[in-house]
Amino acid sequence: MSEQGTNPHPGMNLGYDGGEKAAEVTIFGFWTFLMSDLVTFGLVFAVFGTMTGATAGGPGPEEVTDLRSIAIQTALLLGSSFAFSWASLSMKYHGGRLHMLGFLALAATSALGFLIFELIDLLHLVEIGAVPQRSGYLSALWALVCLHGLHVAGGLLWMGGMTLQILLFGLTDQIKSRVTRMGLYWHFLDIVWVGIFSMVYLAGVA
Amino acid sequence: MRDISDEERAERRQYTLGLILSIVLTAASFGIVILDVLPRGWVIPAIIVLALAQIVVHLRIFLHIDLTRQKREDLQLLLFTLLLLGIMAFGTLWILANLADRM
Amino acid sequence: MFDALFGRLTWDDLKPLELLHSQSINTLVGAGAALAAVIAAIAVVVLLTVTRRWTWLFKEWLTSVDHKKIGIMYIVLGFVMMARGIFEGVAMRTHQATAYQGGVLSAEHWAELFSTHGTIMIFFVAMPFITGFMNYLIPLQIGARDMAFPVLNLISLALTATGAALLMISLVIGKFETGGWTAYPPFTGADFDPGPGPDYWVWAIVISGFGSMFSGLNFAVTIYKMRAPGMKYLRMPVFTWTALCTSILLVFALPPLTIAGLMQALDRYLDFHFFTNDLGGNMMNYANLFWMFGHPEVYILILPAYGIFSELTTTFAAKPLYGYTSLVIATMSIAVVSFCVWLHHFFTMGQSPSINAAFGIATAVIAIPTGVKVYVWMATLWGGRIRFTTPMVYMVGFFILFTIGGFSGIILANPAINWQVHNTQFIVAHFHNVLLPGLIFGIFAGIHIWFPKAFGFRLHETAGKITACLWIVGFCMTFLPLYVVGLLGYPRRSAAYDDPAFIPYMIVTMLGAFVLLSAFVGLIATLWISIRKRDELAVPLGDPWDGRTLEWATPSPPPHWNFAVIPHISSRDAFVREKSEGKPYVLPEEYVDIHMPSNTWAGIVVLVTTTALGFALTWWIWWLAILSFVVLFLWFAADSFREHRGEIIPASTVRTAHQAWIEAVELSEPITRDDEDTPANRGYAKTDIVIAS
Ligand code: HEM
Ligand SMILES: [Cu+2]
């Protein structure tokens, strides 16, 4: 559909010309970083895969999975991703920063909701004794879920910082390039979450 | 309401399509597990296929990875990453499952 | 109170103080080394103060984001650490020569020695060397003014230096782990070794690992996106090609190491069960993760050395590289296949023979592209007009010895044989055989080639040749006998042995280690002599070897901005082309302002905070850990609010410098290759090269 003949990098097509070359290089660099991060996640997945049987008599997938909460988390994170793309459209087609920040705030709130539900889940795990110290399986589960959760939390901090910068400096080229990178990061985390809810939770209880 | 150009409308439609597809795919995998509709051995393969499909949707629509000229480098990098990750993850599972079998 | 302030650190952890309690040879060596490190550090501080060099150090070096300076700093770091690594090697060989039913050192001390030696040599000698070379050369070879991310580049250096600093601290405060450079749990787990040794290892490796990953990312993006106009992929110099493959390996091979390290930390600090013996932990996961990094790592190290040897053969045989394309393909296939072979490091772990066979075959397959390379170099030398300079001496040593090392590798690729020699001195012989004649010789040859580029004068040839011969002889004495004792059944990493048949071999290897030590001194002597004679060795015009690639088309040392105008490339071996058409040194029609990034404190901030972080985590000094992390975070958060304008170098400055250089060239006589080693060589070459395509 959208013919983006002028967009030399992945991620949202921002349609700005200024500093295009510099933006192209930084965004490609960030994309490379994400690929390295992808390998990190993939290998933690693999380690998790090798440890699915290592419950050592402790709680297993049935006990640790609350599908309702997972479904809510999935919806919240997807919603956040979607809101972010709306924010980037706003940035691309309209200059107004408040309009864009509105969507960004929506994305952030949604992600915050995700984190809160995740935290509740984890607290519940602690309650039932499904702590990472209990077994290899739980260690891997906690490591994988928290690695993703920490990435999301980091993303939220980043969003806070960007909001401040947008308010201070407006939508300069520099800022646009940063928002583009943030978008890559944000959508990437949603992709990782698809892996987590499918392979860790759904496949766990199936 | 502000003016919305055709281009923007088209892009909005794209993103909405992505959202709907994601919701459908997610609902399908949850449904398979909760409603228990598939034979036992099919569940996990089905979940994997649905997850992969959803990942492709995300890449294509939210991340704009496609086959156009300029973005080929990013696509190549992604495919190369997936190749290496595939080797490493598959190798890990293969080796450790085998070791577990032989314990 | 004390605990809150200092964690688990106590006075007894200060190693030099051990001398007060005991004066055995063992403590003398350990505490003596700690003392020596402290004295050396103090000496450097005093020297800098007396010569009033602090501002210079900070302004010209530590805050500079110039890729050339960062490259040089990496190499200096590598040399400093190498000094320690070699002394440790000598100490270990001395121990082994006396280790028949005993040995001069305690078993604990011996284990600590091979662990620090291995860790240092791989992560803080070999890695800084190759990263330094890539830093210095990539932008110059592709016609760029800097890296894609200059500040990130400095940060990478800082992270690497942090790892090295933690290792040096472990020499003085507390002790290092004793599980070898691989640090396999559960031996390094909390149950068997509560610390601080394994913690030093974890943080040194994880922190410097991030640095390496960022370096790889930076180099890869630089090569992808910053090439001069017209430099297509198949016009890139071979070294750049190998650097590209190494960078890609760095990006993808570091994650498994980081994960293994962090999981190890989770096990140790938070009582997780990834690699423990109980509750579902599985140390085989560790071996698997570690070598998923470890094998690509050896290619990370060797590929740039291959690149150096390729540049070396074409330059000193004065011929275009024979089979450029096959060399490129070979490099790329090595890079990919190197991700498919990691299991050959644990053939004996117990998986089925078919898995072993699969990985054994994949390993043997790597011999094919490697063989291609050896033939490419031979064919390049064939019929060339070879000059027997110091780099060529290293090349000869490399050619013969590396082939032996490669063959022993193919032997090891066979799982059935591997079962026999696994964990013996045969392995020690094998990996030193590829690391020293391969990687280290490559680096030293490279230093002889590019030192004049970086500093404006050549290294003294005779001194260089003597040193090179010492390295070759020393290597043969130190490591070739190990193949024999390995086959006789002498296990690796063992503190003592019971078979008197090993003794004569081990005495030879001890003498060899001293030859290697003298070779290291030889390097320093070469540098010293060359500095004393720098006027007659000076090559300010920039092209002392009749070079082929763009870096030789600049004065020596190159200006901060590398190229007065960005060159347009129309063929491979760009500089040769220009020379053959008789227009290498021309004045451009116009000069423009050049935009360069300005200095930054980012490197220092990272170095200080991450060193404090690693140290604090190792010693459980939680307040310091939190503080340093917060400072690090806040500094970068604040920095992102500042505008980085960089600095503009006015066109007039560029013009003056460039014109002065061209004039100097025009005023001097080009020299033929016969005069290469005479004071007549000022870096203006009368080309002797058969022209490529
Ligand atoms: C210059 C003279 C050198 C000497 C005398 C020397 C000596 C030794 C000795 C005695 C060992 C222990 C062998 C054993 O486990 O029984 C060792 C291990 C090792 N060396 Fe060297 N070495 C030298 C140079 C290097 C270099 C240049 C590198 C790499 C760039 C290197 C990398 C290693 C590694 C990785 C280990 C394995 C450590 C472990 O077991 O965990 N060495 N070396
Ligand atoms: Cu290997």
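Summary of packing: across the peptides C:194-203, C:220-229, the per-residue average of other C-beta atoms within 10 Å ranks them, highest first, as C:194-203, C:220-229.
Among residues other than residue C:495 with Cβ under 14 Å from its Cβ, the summed charge is 0 (Lys and Arg +1, Asp and Glu -1).
Taking every residue in C:275-287 and counting other chain Cβ atoms within 10 Å of its Cβ, the average works out to 5. Heavy atoms of the protein chains alone define the surface here; on that basis the protein assembly as shown has 38 Å² accessible area per residue at 1.4 Å probe size. Backbone phi angles across the stretch A:78-86, fed through the Karplus curve with coefficients 6.51, -1.76 and 1.60 (θ = phi - 60°), yield HN-Hα couplings of 5, x, 5, 4, 5, 4, 5, 5, 5 Hz in residue order; Gly and Pro are listed as x.
So, with a 1.4 angstrom probe, what is the percent of accessible area on the stretch A:132-184 that is carbon and sulfur? Here carbon and sulfur together make up 70 percent of the probe-accessible area.
Taking amide H positions as placed 1.01 Å from N in the peptide plane, with prolines and chain starts having none, which residues 5 or more places from residue C:280, or on another chain, fall under 5 Å of its amide H? Here the answer is A:136, since their amide H atoms fall under 5 Å of that of residue C:280. Counts of other chain beta carbons within 10 angstrom of each beta carbon in peptide B:22-29 average 4.
Residue order by solvent-accessible surface for B:60, C:385, C:235 is C:385, B:60, C:235, largest first, with ligands and nucleic acids left out and a 1.4 Å probe. Using the Kirkwood radius over C-alpha pairs as Rh, can you work out the diffusion coefficient of chain A via Stokes-Einstein at 10 °C, viscosity 1.306 mPa s, in µm² per second? Translational D for this selection: 87 µm²/s.
Taking 24 Å as the straight-line reach from the Cα of residue C:319, the lysines in range (excluding those fewer than 8 positions away in the same chain) are C:232, C:373, C:453, C:465, C:579, C:583, C:686.
Less than 5 angstrom separates the built amide H of residue C:649 from those of C:594, C:595, C:596, all sequence-distant by 5 or more or on a different chain. Backbone geometry of the stretch C:149-154 corresponds, through the Karplus equation with coefficients 6.51, -1.76 and 1.60 at θ = phi - 60°, to 3J(HN,Hα) couplings of 10, x, 6, 4, 4, 5 Hz, x marking Gly and Pro.
Relative contact order of the stretch A:67-205: what whole-number percent is it, with Cα pairs under 8 angstrom and at least 6 residues apart? About 31 percent, as a whole number. Relative to one another, the C-alpha centroids of the stretch A:144-194 and the stretch C:484-537 are positioned 53 Å apart.
In Å², rounded to the nearest 100, what is the total accessible surface buried by chains B and A against each other with a 1.4 Å probe?
Summed over both sides, the interface buries about 4500 Å².
Protein heavy-atom surface of the stretch B:1-64, 1.4 angstrom probe: 71% of the accessible area is carbon and sulfur, with nucleic acids and ligands not counted.
Take each residue of peptide A:47-57, count the partner chain Cβ atoms within 10 Å of its Cβ, and average: the result is 5.
Using a probe of 1.4 Å, the accessible surface attributed to residue C:39 totals some 100 Å² when neighbouring protein chains are kept in position. Annotation for the A:C interface, with buried accessible surface near 2600 Å², both sides summed [1.4 Å probe; non-protein components not counted]. Assign one of three labels to the protein assembly as shown, namely rounded, prolate or oblate, based on the Cα gyration tensor with a ≥ b ≥ c the square roots of its eigenvalues; rounded applies when a/c is under 1.5, prolate when it is not and a/b is larger than b/c, and oblate otherwise. Verdict is oblate for the protein assembly as shown. Rounded to the nearest whole Hz, the Karplus-based 3J(HN,Hα) values (6.51 cos²θ - 1.76 cosθ + 1.60, θ = phi - 60°) of the stretch C:648-655 follow the sequence 9, 9, x, 3, 5, 4, 4, 4, with x at glycine and proline.
Amide H contacts of residue C:497: C:100, C:101, C:102, each under 5 Å away and 5 or more positions distant or on a separate chain (H built 1.01 Å from N in the peptide plane; Pro and chain starts excluded). A helix-only calculation puts the protein assembly as shown at -23000 deg cm²/dmol for mean residue ellipticity at 222 nm, using -39500 (n - 2.57) for each DSSP H run of at least four residues, averaged over all residues.
The values are calculated or read from the model by the stated rules, or taken from the named source; none is laboratory data. What you see is a predicted model; the values in this text were computed from it and never measured. Every residue, glycine among them, receives a Cβ derived from its backbone with ideal geometry; neighbour counts consider all protein chains shown. The accessibility values were calculated without ligands, DNA or RNA, using every heavy atom of the protein model including side chains. Shrake-Rupley method; radii C 1.70, N 1.55, O 1.52, S 1.80 Å.
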